[in-house]
Amino acid sequence: MSAQLQPLAEPLLEATRRLIGALQQEPSTELRLVLAKRLVRQLGDDAYPVFLKILLIVAESEDLPAKQLVADLLAAAAQRMDLPSGQLSAWGSSARTESDDMPAFSPMNRRRLLGPLEYLTVWHCQQTQRPMLEEALYADAMRKLLALFDLNPQLRALYASKLGSDAGSELEGTYTRDTRDILSRLAQRWQREGSTPDDVVRAALRGDPSGGPVPPGWIVHRL
């Protein structure tokens, strides 16, 4: 497994336990959102994958109340269009730094705030300040997060709609064509009733089957 998503042993597990404990003790949804966003800020932009790992630890756990709590919290954040987000460099800026005779405020150095699923997809598809995420790791993380998010139907509906909207608009310097294609397929399949996380990830990466038989002698490749 890539170092970016490696289990960080007991310290990360303990941080996850503390976060869940704090959220469970706070009855206000507003303050729960404040706690979650404060955690993301404390980790810093470059450590957003740690927050993703915390979500994955929750998703992999057998603590159903904790999983439901996180899904419901993210649903409230999605309703406010305020999901905890991390930054990745825009695809046109990954090779440039302030030392490349280009000021830090240049459009070529711009970054974009991305929610968990967009962040993972850009990390997998595009050249950013991070080494690209391997497909197997991307698919595994996406399946687990989708299963967690599916616990709240409103979160599923809102997030899938957002991804579809993002994929359909060419946000300046944010997504490459490949990224938009994956997000579009992901959104369309996720919105389909009865789709499982495996179905959604398979459709996102490979596309849904055409539904018609393959003519004899044809060989189908993923290009």
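The figures follow:
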quantity: Top-ranked residue of the range 178-195 - restricted to ones that are polar (S, T, N, Q) and free of Cβ contacts under 8 Å to residues at least 40 places away in the same chain, ranked as nearest to Ala167 (Cα to Cα); calculated: Ser184
quantity: Which numbered condition Thr97 fails, given (1) modelled with pLDDT under 60; (2) part of a helix (DSSP H, G or I); calculated: (2)
quantity: Meets criteria (modelled with pLDDT of 95 or more and in contact with a helix residue (DSSP H, G or I) (Cβ under 6 Å, 6 or more places away or on another chain)) for Gln188; calculated: no
quantity: Matching residues in the range 145-183 - criterion: being more than 22 Å from Gln79 (Cβ to Cβ) and crowded, with 18+ Cβ neighbours inside 10 Å; calculated: Thr174, Tyr175, Thr179, Arg180, Ile182
quantity: Pairs, first within 14 Å of Asp150 (Cβ to Cβ) in the range 52-68, second among the aliphatic types (A, V, I, L, M) and not in a helix (DSSP H, G or I), C-beta under 7 Å, six or more apart; calculated: Lys67/Leu151; Gln68/Leu151
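The values are calculated or read from the model by the stated rules, or taken from the named source; none is laboratory data. Computed from a predicted structure; not experimentally measured. No Cβ is skipped: glycine too gets one built from the backbone with ideal geometry, and neighbour counts run over all protein chains shown.
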